[in-house]
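The values are calculated or read from the model by the stated rules, or taken from the named source; none is laboratory data. Remember, it's a predicted structure, so these values are computed and weren't measured experimentally. Glycine also receives a Cβ, built like all others from the backbone with ideal geometry; neighbour counts cover every protein chain displayed. Remember, those area values only see protein heavy atoms, side chains included, never the ligands or the DNA or RNA. Shrake-Rupley method; radii C 1.70, N 1.55, O 1.52, S 1.80 Å.
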Amino acid sequence: MQLSIFARQLRLIETLAGSSYVSAEAICDKLGITRRTLFRYLDLFRTNGFLVERNRDGYRLSAASPFLLKVSERVHFSREEAEALLDVLDAKEQRSSELEHLRDKLARLTDRRLLDAVKVDERYAQVFRNLYEAIRQHEIVVIRNYRSLRSDTITDRTVEPYCFVDGNESVRCYEIPTDTNKTFRLSRMDAVEIVPLRWAHEAAHSTVYTDAFHFSGDRRYLVQLRLNLRAAQLLAEEFPASLPDLERESPEQWILSTQVCSYKGVGRFCLGLPGDVKPLGDDKFLQYLKEKAEDLTKQLSE
């Protein structure tokens, strides 16, 4: 039995280690597992050093995952060798399925496509590259002039960055002075400077989750909603990652039962569709919605 479970987990790693995102439905069909089992395996991977990436098309394992990097260093080209081969291939005018396949594998190994995707804004690109290198080398960085909306401050942050979240728009870090794990948005950084010091608090790096509403954190809270047809359709369009947690209750009603890292995202969805969404249970979430509604009412009356 344990061997069978291990075999499925290895097949899952193989399925997700490609350059493309794979939908939960396709993964479950291929491996013959339930969605619940799939999500349990993904949580297990995150706990054991894999960086699980997710977008509207599905899931994949980041090439920056420490486990994959260790394997790559032993049985594949080094990152520098792959970069050199890519330069040679890119200089060739010929195009064939074999060459394109090789380009895809090398780009996946070096994460060149990931880095190319952020070259529109050079400042943002440099921030991303420095964070990526710091994560790869397990080094400390100083985030310069980080603009925090929560505290309404602009300060430097000394952190150990350890994984990208929110579709690579944010980075999860251990903040050394405060001894806490926090999520920082790349767009709110002026610059990132790599400090030539290795991580010293890796054991304190917490498991990171990203919920269907694009909020990340190391804790999750269960929320349940009853949605009508309009709300269910909007949920599917705007937050497709929530679909595995959405079940049809009747021809015109659906139940969403999902784990969230923050009430902010799901709260905005609920407050934006009064009458279409009904929260179920969870007194803390209901209190959060009540307070937000009271704040809005007060603002409108002023």
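See the values below:
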| item | result |
| --- | --- |
| Orientation-averaged projected area, Cα convex hull of region 196-302 (nm²) | 10.0 |
| Region 249-302 - accessible surface per residue (Å², probe 1.4 Å) | 65 |
| Local electrostatic count at residue 139 - Lys and Arg +1, Asp and Glu -1, tallied over other residues with Cβ under 14 Å | -1 |
| Label-point separation, residue 237 to residue 300 (7 Å along Cα→Cβ), nm | 2.3 |
| Computed label-point distance, nm, for sites residue 220 and residue 7 using a 7 Å Cα→Cβ extension | 2.8 |
| Two-site label geometry, residue 249 and residue 36: point separation in nm, points 7 Å out along Cα→Cβ | 2.0 |
| For region 177-240: rounded, prolate or oblate by the Cα gyration tensor [a/c cutoff 1.5] | prolate |
| Trypsin sites (Lys or Arg not before Pro) restricted to DSSP loop in region 181-244 with at most 11 other C-beta within 10 Å | 219 |
| Net lengthening on full extension, residue 20/residue 287 (0.36 nm per residue, minus Cα-Cα) | 92.1 nm |
